[in-house]
Amino acid sequence: MKHIILFLVLTLVKVLPTQAQWYFEASIVDSKFTQFENKGGGTTDLESISGFRDLSYSFGRLFSINKVPKTFEESYDSYIKDYHSPWLLFGLGIGFDQMSIKTNATNSKGFIAPIDYDMAQVQGRLGVYLMPTLFKIKQKPVQLNLSGAVVYDFFTHATQSFTNRTNDLKDLDNFDNSYPAYAFGAGINFFVNRGTRLYAKYEIENAFGLNENNPNGVIENYSLAKEKISVGVLVDFKLRKSLKERARQKIVDLEAKLNTSIETIAAIKQTPTNAAADLLALQNRIDSLEQSLYKHKDNNHIVKELIGVKTHEKGFKYFTNFKHVLFPNNSSYFDENVYKERLSEVVSYINQNPTLKLSLVGYADKTGNVKHNKIISKRRAKRVYDSLISLGIEASRMEFSGAGETTQFSIEGLEDNRRTEIIINSPESE
């Protein structure tokens, strides 16, 4: 019978819908007898001694009636980004429990005889799971884990020991080698990443009833109760695989764009002399860059030329394609990894031109009050100032200030006003 149940569970797990997670669980089990009844007319009483705990483990699959989109469309991107997870799931699983139960058997004369039970089970389980999100920690959901299950347990080992005798209960005619039970549990899920969750829970399992016909002719009826404290992991292998495929595809796309750019530049340099004027201008720009790199060779070290410097009509200079650093709303922080390469080019340019200095001017939009905007604009300038120092510019070659709120850059695009301007001061402009 147990082989049939195991076969059915494994078969159903194989054909379940694709939106599913595998769970792997380890538990500490405290087992005891309850609802003991002597059906043979005797007066023996059986009382469990609690506190003897054993280890069990289980695995299975949880699935939802909703299917994950199979294509990399916008809906699937949203599924990945928002840690979407169905709150109602069904589960099939297999468990392996080990139980050591110590009891005292008391007869009508008051005599107490210690009896030890040593049992092992394999368990089939069909459950329903509710996993609503309680709150989020750093955008990662923390979920409640409520479960209810119908369980069928099979004894693989069951012995009874008292005085100097040990009985194999599985050899008794009236011993139930298998029995149904029900279980309820509650716990918490923690997302490690979009495809993996850790969880901890507490569960109670109660049997519907067991029969035992002892060798001395005493017929006993009792239930077997278990308390479990479990830890486990939920893994969505399909989602993890999809995320990896997605990342690989992005790398392939970026490499393709890079190769296309390289081929385009090569084609431009080989354009005949009668090509369009804009292609010739781009070719001249490429030649100019190559000559500049050659001129800046120093001890076999080539310094990259920054992306253009122009002189403003007011006398100061600025970088044509890198004028400023943008900031989030109501914040003086910026992603240094995004700006690191361009800020490093600024450092290289200034260090190559020892007579030049930098002025860093911070700005804010008009969403806050005037005093706050003045303070945060100066903090934004100071943030870029500190970043440039860490990249190799001497502090004495820079100054920073906050200009407060402004709309001179953009009236509608408030993000353009949350910036720090990078201005080059030459000796002539001072």
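The values are calculated or read from the model by the stated rules, or taken from the named source; none is laboratory data. These figures come from a predicted structure and were not determined experimentally. Because the Cβ atoms are built from the backbone with ideal geometry, glycine has one as well, and the counts that use them run over all protein chains shown.
When restricted to residues that are on the phi > 0 side of the Ramachandran plot and either at pLDDT 85 or above or touching a Lys or Arg at 6+ places or on another chain (Cβ under 6 Å) (or both), region 89-122 contains 0.
Quick check on Leu360: is it within 19 Å of Ser426 (Cβ to Cβ) and assigned to a strand (DSSP E or B)? Yes: the conditions hold for Leu360.
Every residue, every condition in (1) closer than 29 Å to Asn104 by Cβ; (2) β-branched (Val, Ile, Thr); (3) surrounded by 17 or more Cβ atoms within 10 Å (Cβ to Cβ), yes or no:
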{"site": "Thr166", "(1), (2), (3)": "yes, yes, no"}
{"site": "Ala186", "(1), (2), (3)": "no, no, no"}
{"site": "Asn189", "(1), (2), (3)": "no, no, yes"}
{"site": "Gly195", "(1), (2), (3)": "no, no, yes"}
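Applying the condition of being under 14 Å from the mean Cα position of the chain (by Cα) and assigned to a helix (DSSP H, G or I) to region 227-240 and asking which residue is nearest to Phe59 (Cα to Cα) yields Phe237. Inspect all residues belonging to region 121-128 and state whether any of them is in contact with an Asp or Glu (Cβ under 7 Å, 6 or more places away or on another chain) and assigned to a strand (DSSP E or B). The answer is yes, given that some residue of region 121-128 is in contact with an Asp or Glu (Cβ under 7 Å, 6 or more places away or on another chain) and assigned to a strand (DSSP E or B). Restricting the search to region 142-168, which residues are closer than 12 Å to Asp118 by Cα and hydroxyl-bearing (Ser, Thr, Tyr)? Selection gives Thr156, Thr159, Ser161, Thr166. Look at (1) surrounded by fewer than 11 Cβ atoms within 10 Å (Cβ to Cβ); (2) modelled with pLDDT of 85 or more and you find that Asn353 fails only one, number (1).
The set of residues in region 138-153 being assigned to a strand (DSSP E or B) and either free of Cβ contacts under 8 Å to residues at least 12 places away in the same chain or among the acidic types (Asp, Glu) (or both) consists of Asp153 alone.
Could you list all residues from region 357-374 that are out of contact with any Phe, Trp or Tyr (no Cβ under 8 Å at 6 or more places or on another chain) and more than 12 Å from Val384 (Cα to Cα)? Answer for region 357-374, where residues must be out of contact with any Phe, Trp or Tyr (no Cβ under 8 Å at 6 or more places or on another chain) and more than 12 Å from Val384 (Cα to Cα): Lys357, Ala364, Asp365, Lys366, Thr367, Gly368, Asn369, Val370, Lys371, His372, Asn373, Lys374.
With respect to Gly95, determine if the residue is in the same structural domain as Ile28 (by TED's automatic domain parsing), assigned to a strand (DSSP E or B) and surrounded by 18 or more Cβ atoms within 10 Å (Cβ to Cβ). Answer is yes for this residue.
Filtered by the rule that a residue be crowded, with 16+ Cβ neighbours inside 10 Å and at pLDDT 70 or above, region 207-219 gives Ala207, Leu210.
Only residues that are at pLDDT 90 or above and part of a helix (DSSP H, G or I): list them for region 397-424, please. The one that is at pLDDT 90 or above and part of a helix (DSSP H, G or I): Arg397. Close contacts from region 173-188, counting a first residue that is assigned by TED's automatic domain parsing to the domain that holds Ala120 and a second that is part of a loop (DSSP other than H, G, I, E, B), with Cβ to Cβ under 6 Å and a gap of 6+ residues or different chains, come to Pro180/Phe208. Within the option set Glu336, Glu345, being under 34 Å from the mean Cα position of the chain (by Cα) and either assigned by TED's automatic domain parsing to the domain that holds Leu388 or modelled with pLDDT of 85 or more (or both) holds for one residue only, Glu336. Report yes if some residue within region 251-268 is in a loop (DSSP other than H, G, I, E, B) and either modelled with pLDDT of 75 or more or surrounded by 13 or more Cβ atoms within 10 Å (Cβ to Cβ) (or both); otherwise report no. No; the residues of region 251-268 include none that is in a loop (DSSP other than H, G, I, E, B) and either modelled with pLDDT of 75 or more or surrounded by 13 or more Cβ atoms within 10 Å (Cβ to Cβ) (or both). Residues in region 356-375 that are in contact (Cβ under 8 Å) with a residue 40 or more places away in the chain and either in contact with a Cys (Cβ under 9 Å, 6 or more places away or on another chain) or surrounded by fewer than 22 Cβ atoms within 10 Å (Cβ to Cβ) (or both): 7 in all.
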